[in-house]
Amino acid sequence: MNPIRKQIYKNLLANKGYIAVLFLVVILTTFMYYFVEFSIDRNAKNLLTYVNEQQKEQFRFQVRTDMDEVQIIEGLRHDYEVEARSIKKISLDNRSYFFINRPNEIDLPYIVAGRLPLMESEIALLPQFMQSNGLEIGQSLVLGDRSYIITGSFYLPDYEVFIPFGDIQQDDHHATFAIVTPKIYEQYIGKEERYYAGRVKDGNHFEAKIADLKNNPSFSYIATSNEINSHSQILLGLDSNKILAHTFLVILGLISLFLYYMFYKRFMLLYKQEFGCFKALGYTKLQISAILIRFSFVISAVGALGGLVLGYIGSSVLLQMYNSSYSFPHFARGINISSFCYGVVIVIAANVLITYGAAIQFMKQDSYTLLNNIDKAQNMSGAKIFANKVANLLPQRWRLPVRVVLRKWNTLFLSALTILIVSTLFITSYSLYMSSSTIIESQTTGRTYEYDTTYDSYQQDVENLRTTRMYYLHKDVHILQDDREIPLAMVGLDSRGSLLELYNLKHEVIDLKDVNGVVISQGISEMYGIGKGDNLEFIIDREQYSTHIAEITLNGDMNTMYLDKATLAKSLGIPSNMHSGELSNELKSVLNSSVVTTTEKRAVLESNAVSNRSSAVINQLVGALIGCLLLYIVVLLNFQDRTQDMSILRLLGYKPSEINSLLVDVYRPIFLILYLLILPFAINISYQIHRLISLQTNDYIPFSTNGWLLLLAFVAIMLLYSLVVFFFKRKTYRLIKKGYNTILL
Amino acid sequence: MLTILSVDKVTKQFRKHEVVLKNVTLDIKEGTFTAMIGASGSGKSTLLNIMSGLLKPTSGSVLYKGKNLTMFDDNEIANFLRNDVGLIFQNYYLLSHLTVEENINIGISNTGRHYELNEISKVLGIENLLRHFPSELSGGQQQRVAIARAIMKKPSILYCDEATGALDEANSKKVISLLHRIRQQYGITIIFITHNHEIAKTADRVITIKDGMVYRDTTCTNPISVKQMSWA
């Protein structure tokens, strides 16, 4: 057995370039999988432990003001644990402090460092705020006329993302939760949000008990964990990353299998006579195939383990991103046994199996056929006939290169795949990068107000202030789609105001007075596939309504529908001269109101932009890497197949540059055609990726592209191709310099 | 007759103690059919490669029309192969993705000087095969295409290395007959390597190579015709 193993291994190692690619593609596959997976498995477990230990709420609700709150709460205590929560927003020195009442049963604060306050002059804050503002435990903090000593930092399990109840998302530098003693909390006067946090008492009939709550008419607001923006984000993030990891594994794994299959098929064709000789000497096909399988096992095993190690190291990048995005103390790296099996065992097994398949299929041929190098495919296949027909239409100079390219379906397929992957990633990357500025622009266009004030109760419009204020009504609604209830906001704008002008997709101003139906934001339209002219079912206060989508606005708030205030007031059964919020350029400090400035809003948008830009960069790097790898294979396969032709042309007196243009650099025109054919698919896939991410994160990421970008994507592909071809042109020179009679000796 | 090619004290050593050619000196006259015979490993193919510019000798020189081939750089060798020389091998070496017509045309010289395809294909009896691919042809047909490609550019010299080695008797005779006809019709100088003595008998001159040296150099005053060849 040893002699033929030695012979086969020597032949295998003569294809170093291809072997290197097989090795690299396995590393890339497992690296991309573990890069994500290492940041998922242990954290999913840690999250579950954290949720239980900190008694995280499973739902929250508010009781209707016309109901007996005490009685309702008492009635719930049989099946549920319930605790009152309140948050007071105090704005001081360009910072927002969200004081919370100290929970005792549910949503217990996790102490990151130090302790919670015991004395009136003590305060505890979020660690991100402290780090961002250079604060430490033991330092003093002056808020207005009070001075505190910082005693500790904490996380709140129900606020993985800093979106205080009844407010917008805050950024860590300008805002923080704060815990003080109950007495000091009561002394603060500010906009207060009150609600109840709850948990189901025992795990039995959990779904039924939650359904009971949802149907309870006593609540003006009820939301379960997965409906609350401030929590379940980590779980959502981990789940979507798990899908991402498996997607990488499947796609790159399939590419890897394809490359393995192609390699062994070509390798055995190249050494056909030798394999015939082994068979003629009495070695069975299984014995011969076992050598190839062992080789595949070694490359795959080393590659998979290498990818695992690199993935472990690389996952620290993702963990860093998680740490900066979420308030969770237990982010750690780790994988389950199943993840190890998927990324290592299955990858190795799949590569070994495909090698076995390719080898056994080839070795089925009898020794005579192999020894005499008989090519059974003598007849012209459909592909070859097509290739010839196309080539015959072209000038003589192009016929050889075009036939060379069109006759090899596998390299053509690989070229198409390369173009699809690289262009999709490029377009996705650009769009992700631009999405933040697109969102920022859409959230500032048509807005000439600085303050957005919302009230706990309805207020009367002041007629002579309509020029300086724009009144609105706000109502939380649920739209119905495919048996799902999707929470959105409905805003009735006073069309006599002009501080907010909505534009349609043609950049024309929408006059809500003339609108028959509602105007939805572009985010709602794209995420849920709702278009102009569609009918929409929605629920307000458990009453179902139907309306018509009159327009789509490109500068509305993300999850918001708009209509005229008077129309909404009529639906709500309130006078048309009432409002629940106003837009203005004057700060009005009123009790029981909450003010959000456009500066605060912009700060949050810009901090989100960082995450999108990071993803964009990762996309581009991955795209370039995969593109280079696959393009290398395409050109390598072509180069290897054409070595004899190169020698013949050299014997005919062709110079290396002429040989390169005829045989090596043949894909340029084909790439242009493939790019034009594949581009619509790449754009569509990229659009769907955006849509899926938006739905998964419940955060609209707009898709954008333009002609220049598409041209740039093509230029990027051709640059990658040129880079790869450059190395092969040098190989041609070296091959030719070896001697004219490389095919003779 | 003018001397077209002059080999002067050519020696070729591949590795230490492996001297394949030893001080070979000979002249080739224009328009002649010269056969080089010798046993396997005698050095005849190596000598042919040096004479055609494919290989550089360890010492000595090869003059083609007065120009020293051994001093040519890569570009000059390429031009020489492209414009002045035709090569025919035992294994034909046709480009599998080109039709017969395209394989022939790819042999056209840089200068654009060439015979007419119709004429050449008729002479070689391949006028009905122009749209076919090499994989669709027999060995004899493929070799005729290779000959057409080699002479299309109007070369001064045609080098044939065991051109009939892969052919049966009938096809071999056809090819030899064609080569003689081409020489007479176009005045091309032919150097033909073979181990077949019957083929050598049809040549104007037979050079026997043995152990890397010219063992015998015989001018044939009465070469036999192809019909007279008897295959062993």
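Restrict the check to segment A:707-716 and report whether at least one residue is open to solvent by 60 Å² or more (accessible area, probe 1.4 Å), more than 14 Å from chain B (Cβ to nearest Cβ) and over 21 Å from A:C628 (Cα atoms).
yes
Residues being out of contact with any Asp or Glu (no Cβ under 9 Å at 6 or more places or on another chain) and part of a strand (DSSP E or B): count how many of those fall in segment A:420-472.
Count: 3.
Of A:L692, A:L662, which residue is part of a helix (DSSP H, G or I) and either in contact with a Pro (Cβ under 7 Å, 6 or more places away or on another chain) or outside the structural domain of A:T418 (by the TED database) (or both)?
Being part of a helix (DSSP H, G or I) and either in contact with a Pro (Cβ under 7 Å, 6 or more places away or on another chain) or outside the structural domain of A:T418 (by the TED database) (or both) holds for just one of A:L692, A:L662, which is A:L662.
Residues being in a helix (DSSP H, G or I) and open to solvent by 20 Å² or more (accessible area, probe 1.4 Å): count how many of those fall in segment A:546-603.
Of the residues in segment A:546-603, 11 are in a helix (DSSP H, G or I) and open to solvent by 20 Å² or more (accessible area, probe 1.4 Å).
Looking only at segment B:206-222, how many residues end up being in contact (Cβ under 8 Å) with a residue 24 or more places away in the chain and open to solvent by 40 Å² or more (accessible area, probe 1.4 Å)?
Number satisfying all stated conditions: 6.
So, of the residues in segment B:107-142 that are under 18 Å from B:F89 (Cβ atoms) and among the hydroxyl-bearing types (S, T, Y), which turns out to be surrounded by the most Cβ atoms within 10 Å (Cβ to Cβ)?
Only one residue fits best here, namely B:S135.
Can you confirm whether B:E162 is within 11 Å of the chain's Cα centre (by Cα) and over 24 Å from B:N110 (Cβ atoms)?
Yes.
Among the numbered conditions (1) over 26 Å from A:Y195 (Cβ atoms); (2) open to solvent by 60 Å² or more (accessible area, probe 1.4 Å); (3) polar (S, T, N, Q), tell me where A:N104 comes up short.
For A:N104, the exception is condition (1).
Within segment B:81-89, can one find any residue that is at the interface with chain A (Cβ under 10 Å from one of its Cβ atoms), within 21 Å of the chain's Cα centre (by Cα), open to solvent by 60 Å² or more (accessible area, probe 1.4 Å) and not small (G, A, S)?
Looking through segment B:81-89, none of the residues is at the interface with chain A (Cβ under 10 Å from one of its Cβ atoms), within 21 Å of the chain's Cα centre (by Cα), open to solvent by 60 Å² or more (accessible area, probe 1.4 Å) and not small (G, A, S).
Can you list the strands (runs of 3 or more DSSP E) found entirely within segment A:121-236 that contain at least 3 residues being over 31 Å from the mean Cα position of the chain (by Cα) and free of Cβ contacts under 8 Å to residues at least 40 places away in the same chain?
In segment A:121-236, A:140-143, A:146-155 are the strands (runs of 3 or more DSSP E) which contain 3 or more residues that are over 31 Å from the mean Cα position of the chain (by Cα) and free of Cβ contacts under 8 Å to residues at least 40 places away in the same chain.
Which of (1) closer than 30 Å to B:D217 by Cα; (2) open to solvent by 40 Å² or more (accessible area, probe 1.4 Å) is the odd one out, the single condition B:E101 does not satisfy?
Failed condition: (1).
Identify, by number, the condition in (1) in a helix (DSSP H, G or I); (2) more than 13 Å from chain A (Cβ to nearest Cβ) that B:N23 doesn't meet.
(1)
Of everything in segment A:557-583, what is without any contact (Cβ under 8 Å) to a residue 60 or more places away in the chain and closer than 14 Å to A:M490 by Cα? Give them in sequence order.
If the condition is that a residue be without any contact (Cβ under 8 Å) to a residue 60 or more places away in the chain and closer than 14 Å to A:M490 by Cα, then A:K570, A:S571 are the ones that fit.
Looking at segment A:648-689, which of its residues are among the polar types (S, T, N, Q) and either modelled with pLDDT of 85 or more or open to solvent by less than 10 Å² (accessible area, probe 1.4 Å) (or both)?
A:S657, A:N660, A:N684, A:S686, A:Q688
In segment A:34-54, what residues are farther than 16 Å from A:N323 by Cα and either open to solvent by 50 Å² or more (accessible area, probe 1.4 Å) or free of Cβ contacts under 8 Å to residues at least 40 places away in the same chain (or both)?
Selection gives A:K45, A:L48, A:T49, A:N52, A:E53.
Please verify whether A:L629 is among the hydrophobic types (A, V, I, L, M, F, W, C), within 14 Å of chain B (Cβ to nearest Cβ) and farther than 25 Å from A:P395 by Cα, treating the condition exactly as stated.
Considered against the rule, which asks whether it is among the hydrophobic types (A, V, I, L, M, F, W, C), within 14 Å of chain B (Cβ to nearest Cβ) and farther than 25 Å from A:P395 by Cα, A:L629 comes out as no.
Determine, yes or no, whether A:S232 is open to solvent by less than 60 Å² (accessible area, probe 1.4 Å) and within 24 Å of A:A489 (Cβ to Cβ).
Here the answer is yes, as A:S232 does meet what is asked.
Taking the options B:L95, B:L69, name whichever one is open to solvent by less than 30 Å² (accessible area, probe 1.4 Å) and away from every other protein chain (no Cβ under 12 Å).
Step by step, each of B:L95, B:L69 is checked, and only B:L69 is open to solvent by less than 30 Å² (accessible area, probe 1.4 Å) and away from every other protein chain (no Cβ under 12 Å).
What is the residue count in segment A:477-495 for residues that are within 16 Å of A:H579 (Cβ to Cβ) and in a strand (DSSP E or B)?
Total satisfying the criteria: 5.
Looking at (1) within 14 Å of chain A (Cβ to nearest Cβ); (2) β-branched (V, I, T); (3) over 30 Å from B:L2 (Cβ atoms), which one does B:I104 not meet, given that it meets all the others?
The failed condition is (3).
Return the residue satisfying two criteria in turn: it lies in segment A:176-222 and is in contact with a Pro (Cβ under 9 Å, 6 or more places away or on another chain) and within 20 Å of A:D68 (Cα to Cα), and of such residues it is surrounded by the most Cβ atoms within 10 Å (Cβ to Cβ).
That would be A:A197.
If you scan segment A:385-396, which residues turn out to be under 14 Å from A:P669 (Cβ atoms), more than 10 Å from chain B (Cβ to nearest Cβ) and assigned to a helix (DSSP H, G or I)?
Across segment A:385-396, the qualifying residue is only A:V390.
Collect the residues in segment A:300-338 that are outside any helix (DSSP H, G or I), open to solvent by less than 60 Å² (accessible area, probe 1.4 Å) and not aromatic (F, W, Y), keeping them in residue-number order.
A:S327, A:P329, A:H330, A:A332, A:G334, A:I335, A:N336
The values are calculated or read from the model by the stated rules, or taken from the named source; none is laboratory data. Just so it is clear, the structure is predicted and the values come from calculations on it, not from any experiment. Using ideal geometry, Cβ is built from the backbone for each residue, glycine included, and neighbour counts are taken over all protein chains shown. These area figures cover heavy atoms from the full protein model, side chains too; ligands, DNA and RNA do not enter into them. Shrake-Rupley method; radii C 1.70, N 1.55, O 1.52, S 1.80 Å.
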